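> The structure that follows is given in the form of structure tokens.
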Amino acid sequence: MSSRPCAGSVISSRRLPMRANSLALRLFLSATAWTVIILAVTGFVLTSLYRQAVERSFDRRLDVYLRTLVADIATPDDATDKFPQSMSEPLFELPLSGWYWQVTRLDGSKTEVHASRSLWDGGLPRLGDAGVRTSVIGTRQGYVDGPEDQRLRLVERNIDLGDQGRFLVAVAGDAAEIEDETRAFDRALMITFFILAAVLLLTTGFQVRFGLAPLKRISESLAAIRSGSAERLEGKFPVEIAPLARETNALLEANKEIVERARTHVGNLAHALKTPLSVMVNEATARGNNPFAVKVREQTDIMRDQIAHHLERARLAARMTVIGTVTEVVPVVTALARTMEKTHHDRRLAIAIDAPDHARFRGERQDLEEMIGNLVDNACKWAQSRVEVGVIPERMEANRDVIRIVVDDDGPGLTPSEREQLRRGRRLDETKPGSGLGLSIVLELAGLYGGALTLGNAPIGGLRAELMLPAAQAG
């Protein structure tokens, strides 16, 4: 387990993904946008339809007056000189009232015009071609500018009475009535739609908030499983969400079974390889210092180390699929310190520990023991008299909780040339016990957890090994 690491070698940690936006907020904003669009389109359509209805009603009123004029022209009463005889609307008598009629004789050498008194000395313009509708009986409707720049709704019709002549009959009314009626409808519609939108948004917000509450519970439960405070999704869920909860629990159980099978296979493989290697070593040892036996022992030692290394990697990779395991850091560090003091009691090493009680590692205890044990054992083998172990909980970017485990020794440290010589599995000093694979295991295990191992100079004079690992929030 002893291999002096190369200073500055780092395994970069995997960054956690950025937290996604709230699903409830996105659904609410989407519902709000669609509500506004739908109400705006509906309001535009209703306003257009209502204005057309008001115009048709206004045109029917004007058409009644126009028919009355046509009847008076076609059947004049010789007993009176009043024209027209049947028009009894007082507005046609008030000057510039906005209500006018006009009859223009189109045949003859001289144009003859009869008009309502409300026109005073003015006249009605004729309709152009733009924005004009024509009915099946030849009546034309549209807007014109009348006296005093009044906006008028006008209907006109050409009448051919044969021997009596041809006439253009026109009746106009103040279009302000149409505008006032439409504006009143628009105000009522806006108030109604505003209330309707508020009710719809409140209803949508209520449905989103309480309809997605089971998903929020599942999210919180998954976070609890990931942090180690729970092992499965608990509680009752709606019929629509219950299958998701069941499948998630089944997935967790299947994951645990796969991990257990992987561990069993790794253990079986280790036992299967151990016996033939032991036989080879025993046979080579029995032949003493024979060159062939020496070479066999040398190669079997390498095979043993490599098999142990790759079996450990397989074991770690299998264990990393376990979700929700949390380990208290202080008991692990304290137990390792006592063990190392006993192991190196003849050198009288002092191992100082500085670790808060709430420090928790998001992973399995044996993995933490493997990593810290290798680093502390390595420090004890090279230290003169003192080893310091510090545990520092931190919060990184994107609210990521980590713990930094710092192991310092007061040994000789490393020179630049020694750092260049170090590679995975290669040792600087063959007099120190161990296989030389301890650092490699720490590096790979830290990488599997998304952590990092950084090596540098310790303030007390030797080597500093700084291990960064994911932390779990205190429960």
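Since every read-out is calculated from the coordinates, none of them should be taken as a lab result. Keep in mind that what you see is a predicted model, and the values were worked out from it rather than measured. Cβ atoms come from the backbone with ideal geometry, glycine included; neighbour counts cover every protein chain shown.
> Under 14 Å from a point 7 Å along the Cα-to-Cβ line of Leu189: which residues of region 24-62 have their amide N that close?
38-55
> When the expected Rg is taken as 2.2 N^0.38 Å, what fraction or multiple of it is the alpha-carbon Rg of region 25-181? Walk me through the numbers before you get to the answer.
Numbers: Rg = 20.8 Å, N = 157, 2.2 N^0.38 = 15.0 Å.
Ratio of Rg to 2.2 N^0.38 Å for region 25-181: 1.38.
> 7 Å from Cα along Cα→Cβ at both Glu179 and Arg232: what's the point-to-point distance in nm?
Each label point is offset 7 Å from its Cα along the Cβ direction, giving 7.5 nm.
> Using a cut-off of 15 Å between alpha-carbon atoms, which aspartates and glutamates can reach Lys342, once sequence neighbours fewer than 8 places away in the same chain are excluded?
Asp377
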